[in-house]
Every structure is written in structure tokens, then in C-alpha cells.
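Right, one structure below, let's go through it.
None of the figures in this text is laboratory data; all of them are computed from the coordinates on show. Owing to the predicted nature of the structure, the values given are computational and were not obtained by experimental measurement. Positions of Cβ are generated from backbone atoms using ideal geometry, with glycine treated the same way; all protein chains shown enter the neighbour counts.
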Amino acid sequence: MSDSKTAYRYYAYARQALVEALRLANVLAGDEVLVPALICKDVLSSIHTVGANPVFYQVDKTLAPVSLPHTPLIKAVIAVNYFGFPQDLEIFSEYCHKFSVKLIEDNAHGYLSANVDGVLLGNRAPLGITSIRKTIRIPDGARLHVSDPQLSELLPYQLSFNDKPLGARYFLQNIFSRLERATRLPLLRWVRSIVRLRRFLSTGEFISTSSTLAETEVVVPVGPRDSSMKKIQKLDEEVEVKRRTDLYERVNSAVSNSGIKPVHGRLPEHCTPYGFPFFGDLEGAKNVRRLVNSFGVEVIRWPDLPEAVLADAPDHYSNLWFVNFL
Ligand SMILES: Cc1ncc(COP(=O)(O)O)c(C=O)c1O
């Protein structure tokens, strides 16, 4: 799926595409970027890389902004299509128009997803980013979307694709994932448990917690693997869209009496979900895990919140989970 009015550049990771988006938005050292407090640390690393500082806005339980604060140093605003669901951009566009700042549509979660008018997510703002590797099982692959013709003229050349192979990890994960879907046994989960046990034995931690350092890591944009790009080109998009929308309905009905609260009442038209987001405590998440056990999917808490947000985070930031459809 593409849009002829939008120019694309491909990167290994979406955080790299975001660095380029911030540069195109003319965000300079000492400037500020308005970003949702419900965000992962990787996004902060991109802001840090251009020498800017984050200013957080809060989101409500529908994951829409409560209000958008303003300071004279804010040069760009990030709106997130959480879990591939289209964020309503109206309030963001009004803000950007009023204060002459650039809107960046963070569509890391929404490859193949579109809004109710069928407009591909990531293409609805002057600048957008998508992490394709979150939707297709590939080691890298992300893109920058530039829909503003003036900014398109400033676009750097495509960085060269590298010739690294997909790698053993990719092949193993792919084989396990296919076997899992065929046999309905949670093979990938068992492999992950073994990896976590090994990690625990060597580090004392089951899950590798991304440290504060992840927020201040310097992000260097590089091109993706040529082999990943070939996988993206070969994807049967229609089949993948159907697989995801069907899975959403199956999970939705499987968990209907489990005590958790889905973030969204229903799947909007043309939305291709990254997963099934829900609010719940640990017990609720375990229930969901049990109910979707045979679907070949994983239940994950998201996001690993930035340190500055963690201390005062409302419950709906800490109790957010999703069934990952990868
Ligand atoms: C909302 C959001 N934006 C951007 C990113 C960065 O994507 P990538 O891991 O491809 O750099 C993530 C990663 O989890 C994300 O959740």
C-alpha cells in the first residue's frame, strides 16, 4: 500500500526515521517536542539525539489527548496511532496551525492500517513514521513518510540497504511461529521462557528491563537489510490485513467475560490492528493469556514508560496490555 503524494525513506528502525522527521521539522538543540506521556523510551532517544527536550501531554482512557500544553520552545508535536488505531488528528492539526509547528504522525504500530476514509496511517500529517518490523516478522524495516511537498524537497537520499542476511534468529522465530499456528501449541512462548530462565540465571532478571539509558541513547539512522525489504515487498497485504482483523474479532469474543476492559469497543473500518489493547491487572492479563493460548499470540504490557512519567503515571498507563498479533 502506498500513496503517490507521500515520499518515503526506509530505515532499520522507526526511531531512526523519527530522528530524520525531527530534523526535517527543523527541531534544533534546545528546542522542545510535545509528546504523549504514554510513550516508550525509544521515542525519547530520537528527541534526545537531535538535542531537544520532551514536553509531555496526558492521554485519557481512549488514548486521546486530554489537552496540549504550549511553550514557545515547542517546534514539533508527536501524535501516536496507538496499536494501529487512528488517532483523531484534528486537535493536533489546529494546534500546529495556531503555533506554526510541525505535526509528526507516529504510526510505529500501524503498518497497513488506514482511517475510516481509507487514508493510510502515517500519511495524514506533514511527517510520519512507521515501524514495519512490528507488523511483519523481519529483523528490521521502518519508514519515514513525508507528505508536505516543501519538506519532500529537503528529503535526504535513501540510505543504502545493507546485505546482511535475515539471520538464524529470524528463521527460528519464523519456524516456531508457523509450527505454533499449525499445532496450536505455544511453542514460541516456551522458547521465550527458556531464554528468560537463562537470562535470570546469568543476570538475576527475567525480562531485560530497558534502562534509563534507553532514553538518552544516540540514534544513528541506517538503511534496513535488503533481505528485509524483499520480505516487505513479497507480503500479501490483503491476507495480512484479513488475518489481523479476524484475530481481533476472535480475541474480542474470547475475552468478553474475562474481567478485563478492551481499550476500544470495536474495530473501526479500515483499521488493521497491531494487536488487541486492553486494561487489566496482572490477574486479568493472565486470564487473557489463558484464553488466547491456542491463537499463536503473545500478551505484553506496553509501554516501558519514561522515568519522568513513571512516578505520577495514572493507572490506565500502568495497566495497559495488548495481545500482540505478530
Ligand atoms: C509508539 C512508538 N513509536 C516509535 C517506536 C520506535 O520503533 P522502533 O523500535 O522501530 O525504533 C516504538 C517502539 O516500540 C513505539 O512503540
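For the reader, a short list of remarks on this structure follows.
- Of the trypsin sites (Lys or Arg not before Pro) found in segment 220-326, those in coil by DSSP whose Cβ has at most 10 other Cβ atoms within 10 Å are Arg266.
- Rounded to the nearest Hz, the phi-derived 3J(HN,Hα) couplings of segment 119-132 under the Karplus curve 6.51 cos²θ - 1.76 cosθ + 1.60 (θ = phi - 60°) are 7, 4, 5, x, 9, 8, 10, x, 10, x, 9, 9, 9, 5, where x marks glycine and proline.
- Amide H within-cut-off set for Tyr57, under 5 Å, with H built and near neighbours excluded: Val35, Ala37
- From phi via Karplus (6.51, -1.76, 1.60), per-residue ³J(HN,Hα) for segment 58-70 in Hz, x at Gly/Pro: 8, 10, 8, 6, 9, 6, 9, x, 7, 7, 10, x, 10
- Computed extension length for Leu179-His97: 24.5 nm, one decimal, from 0.36 nm per residue of separation with the Cα-Cα distance subtracted.
- Between amide H atoms placed 1.01 Å from N, distances below 5 Å from Tyr11 occur with Ala142, Arg143, Leu144, all of them 5 or more places distant or on a separate chain.
- Helical mean residue ellipticity (222 nm; -39500 (n - 2.57) per DSSP H run of 4+; nearest 500) of the chain: -10500 deg cm²/dmol
- When each of the peptides 175-181, 66-72, 21-27 is scored by the mean number of other C-beta atoms lying within 10 Å of its residues, the order from highest to lowest reads 21-27, 175-181, 66-72.
- Across segment 83-92, computed HN-Hα scalar couplings (Karplus, 6.51 cos²θ - 1.76 cosθ + 1.60, θ = phi - 60°) run 6, x, 8, x, 6, 6, 8, 4, 4, 5 Hz from first to last residue, x flagging Gly and Pro.
- Annotation: aspartates and glutamates with alpha-carbon distance below 20 angstrom to Lys234 (same-chain offsets under eight excluded): Asp3, Asp140, Asp163, Asp226.
- Taking the chain as a Gaussian network of alpha-carbon nodes connected by springs under 10 Å, the highest mean-square fluctuation of the residues Pro149, Pro86, Pro126 belongs to Pro149.
- For the chain, share of DSSP beta bridges that run antiparallel, in % to the nearest 5: 55
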